[in-house]
Structures are given as structure tokens and as C-alpha cells.
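The values are calculated or read from the model by the stated rules, or taken from the named source; none is laboratory data. Predicted model, so just to flag it, every value in this text is computed and none were measured. Reconstructed Cβ throughout: ideal geometry from the backbone, glycine too, with neighbour counts over all protein chains shown. With ligands, DNA and RNA removed, areas are computed over all heavy atoms of the protein, side chains included. Shrake-Rupley method; radii C 1.70, N 1.55, O 1.52, S 1.80 Å.
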Amino acid sequence: GQDLDHGTLPLWNPYLFSGTPLLGGFNAGAAYPVTWLTAILPLFTVWTITLILTYDVALVGMYLFLRRQPLSVTAATFGAVTFAFAGYMTAQFVHIDLLEGASWLPWMLVAVHALTGWAEPGPSSAAERASRRRRIRGWVVVLSLSLGMSLLSGNSEAVIDSGVLVAVYWVGRLVSMGLLRRDARRALAASVAAVLGGLAGGIALGAAQWLPGLVFLSQSQRSSSSFGFFSSGSL
């Protein structure tokens, strides 16, 4: 916030050690849009706003995802509240970057769900086909934005967890929707292309964070630490 207030990009932190990368340090979330509010608002006000927005994103996203399943409004509401306020999102309450990264998981799942619904009979008229293409493009944008925002949060653990869950759900959807049958190759190709397009867009959006982060990581002590070192602690 101080950097932005002085017209400087948040690239370097001179107050830690003898100076250390700020943007490349991942956990600062220097590229996450909500973090920029610290340039114009008090720190604890921004922290509170961030928590409110994060839990709202998680709640609404999970509710929409569960409503696309054969579940009632009550079940979807209970599931959304459980996701947002159970252990994963509350035990890490002080790690705001993890909450930010994890909150976008339901939106990725919603987008993947929509982009793998190709087993249904295709529209016949030109207007219906155009409408369907617009919906597909819209869900590609949702997938790109949700993945990109998760990457910009700067929390690699949340990104990895979300990536595993999205991949498992994607494969499950391809199987359950019958897109792996021989007679569904065309629909499979279109669906996979749409999902990969959304993922590529998200990776490109998040490059502002993960690219400098990986460069910094390659020069840190963690890049040369052995598995024995990591497995020797509480992990």
C-alpha cells in the first residue's frame, strides 16, 4: 500500500533482512487486486473488507456449484456454509492468502461443470447456437478469472489443492456425461478445448504473480532443500 501510494510498484521489501522481493515472495499477495486497497484505506479496514469479500466469494460460489447438482436449496446452503466455515477456511484464518486462493475453487468447479455439459442435445436454430457460444465464452472467462485470482492470491498450497480437486472433478464429469464414448469425440474435443482455453487464460492472468515468484524461488534455499529436510518437521 505504501509503494502504490508513492507511485511505486510493490516489487521490493527493504524492511526485511537486507531487502527481499515483495512481489516474488508469493505470500504478500502484492498482485491481488483487493490488496491494492491498502493504498487508500487503513490496513485493518482493508483486512476486514478482504475477509468479508473472501467469505462471500466462497459462499456464493459453492452455493451455485451445489445448486447445479441434484440438491435442494437447503442442502446447497448447508454445503456452502460448511465449505466456508469448516476447518479448511477457518483454521487458516490468519493466513489471508490461503483463504483468498481457496475461495475461488467453487467458481472453477462451476465453470468446469458448465463447460462439460455437452452430452445434452445440441441446439438446432442459428440463434440457439449463437446463444450457446456466448454462454460457453462466458464460462471460459469465469474459469480464467477464478484461476487467475487464485494464482494472484500468492498461496501455492491453495492453488495446488484446488488444482487437484478441479482435475478430479473434470475427469469425473467427462465420464458421467458420456464424453469419453467413441461417438462423442467431437463434443469431447470442443469441451476439452473450452476448459483448456479457460485454464490458459487463468495461467496468463496469474503470471504477474507466479512468474516472479518462481524466479525468486529458484534462487532461495528452498530450491536446494532435500525431501528429508521437509519431512523432518511437523509436516
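I want the local charge near Ser156. Using Cβ-Cβ distances under 15 Å, sum +1 for each Lys or Arg and -1 for each Asp or Glu among the other residues.
-3
Counting only heavy atoms of protein chains, what accessible area per residue, in Å², does region 112-235 have with a probe of 1.4 Å?
Here the residues of region 112-235 average 60 Å² of exposed surface.
Computed FRET efficiency, Cβ-Cβ of Arg185 and Val215, R0 45 Å: what is it to the nearest 0.05?
The formula returns an efficiency of 0.65 here.
Peptides 191-198, 158-165: what's the order by average Cβ count within 10 Å, highest mean first?
Highest-to-lowest ranking by the protection proxy: 191-198, 158-165.
From the list [x] 1.03; [y] 1.00; [z] 0.94, can you say which value of Rg/Rh (Cα atoms, Kirkwood Rh) was derived from the structure given?
Structure-derived value, by its label: [x].
Can you give the local net charge around Gly79? Use residues other than it whose beta-carbon is closer than 13 angstrom to its beta-carbon, Lys and Arg +1, Asp and Glu -1.
+2
Considering only protein heavy atoms and a 1.4 Å probe, what is the carbon-and-sulfur percentage of the accessible area of region 1-154?
69 percent
Placing +1 at every Lys and Arg Cβ and -1 at every Asp and Glu Cβ, with all other atoms neutral, what dipole size does region 44-134 have around its Cα centre, in debye to the nearest 20?
Using Cβ point charges on Lys, Arg, Asp and Glu, region 44-134 gives about 420 debye.
Angle check, please: helix 126-152 long axis (alpha carbons) against the longest principal axis of the chain (alpha carbons), in degrees 0 to 90, nearest 10.
On a 0 to 90 degree scale, this one is about 20.
By how many nm would the segment from Ser224 to Glu128 lengthen if fully extended, with 0.36 nm per residue of separation less the alpha-carbon distance?
The Ser224-Glu128 span can extend by a further 29.0 nm.
What are the extents of the Cα atoms of region 180-235 along their three principal axes, in Å, largest first?
That works out to 51, 27, 17 Å along the principal axes.
Peptides 200-206, 23-29, 145-151, 184-190: what's the order by average Cβ count within 10 Å, highest mean first?
Output ranking for 200-206, 23-29, 145-151, 184-190: 145-151, 23-29, 200-206, 184-190.
Rounded to the nearest whole Å², what accessible area per residue is found for region 47-99 with the 1.4 Å probe?
Per-residue value: 54 Å².
Restricting to DSSP loop positions (anything but H, G, I, E, B) with no more than 16 other Cβ atoms inside 10 Å of their own Cβ, which chymotrypsin sites (Phe, Trp or Tyr not before Pro) remain in region 70-141?
Of the chymotrypsin sites (Phe, Trp or Tyr not before Pro), the ones in loops of region 70-141 whose Cβ has at most 16 other Cβ atoms within 10 Å are Phe93.
By the scheme Lys and Arg +1, Asp and Glu -1, what is the net charge of all other residues having a beta-carbon under 9 Å from that of His113?
Net charge in that neighbourhood comes out at +2.
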